[in-house]
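See below for the structure under consideration.
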Amino acid sequence: MQNEVSKHSKKTVIFHWLVGLSMITVLIMGMYMVENKVFSLYYWHRSLGLSLFIFAIYRLILRVKEGLPKPKLSYTKIEKNLSRLVQILLLASTILMPISGILMTTMNGFGMILFDLVIVAANPDPSNPRLMLPINSSLGDLSKTIHVTCGWIMAGTLLLHVSGAMKHHIIDRDDTLKSMLRLKSN
């Protein structure tokens, strides 16, 4: 069944893909570096995550301004609720992941660096400068738990999001995916 869906602004499409693909990259990088203890990736993960946070905030502002997409087809209540939940979880996690990462890093004494620009200085142990002294280890630990949990929630939600896009395209045969692949002006 063919059905026209609401058109997205160029900004919405650009920031959807910019934030989405960047978040996937940073998420995979984070999982890889933790699992394999590749400490050299922390610099890139933190810098890219902080940069991404700025774009994610702008994307959230766009989303609030333009509203969440409304389905044009008659979906079941479960489909509509699941769709809305996935959209909200993705938006929330693009904000919560960087915030919790920033807090985790700074509260554990590692500071915050954006591509060699020191935003928050590290807190090295004077007796062993290779070790960092936590500023607030309880908040650092809580932030780490939130960061890791959000990462797994985001991974699962991304799978649902991509599955939903494929359902729109293959089963429903509507223009949802097409509208996100080509830039349309409102």
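Bear in mind that the values in this text are calculations on the coordinates, not laboratory data. None of these values were measured; they are calculated from a predicted model. Neighbour counts are summed over all protein chains in view; Cβ atoms, including those assigned to glycine, are modelled from backbone coordinates with ideal geometry.
Worth a mention:
- For the chain, the longest principal axis of the C-alpha atoms and the axis of helix 10-36 are separated by about 40°.
- Among the listed values (i) 14.2; (ii) 12.2; (iii) 13.2, the one matching mean projected area of the Cα convex hull in nm² as calculated from this structure is (ii).
- Between P69, G156, L82, the Cα set farthest toward the positive side of the dipole of region 10-181 (charges on each charged residue's Cβ, about the Cα centre) is that of P69.
- Measuring r between the beta carbons of R173 and K11 and using R0 = 25 Å, the FRET efficiency lands at 0.40.
- Members of K65/K167; K10/K70; K11/K77; K11/K70; K37/K144 lying beyond 23 Å, as alpha-carbon distances in this model show: K65/K167; K11/K77
- Using the Cβ-Cβ distance between D141 and M33 with R0 = 22 Å, the FRET efficiency computed as 1/(1 + (r/R0)^6) comes to roughly 0.70.
- With the helix formula -39500 (n - 2.57) applied to DSSP H stretches of n ≥ 4, the chain reaches a computed 222 nm mean residue ellipticity of -22500 deg cm²/dmol.
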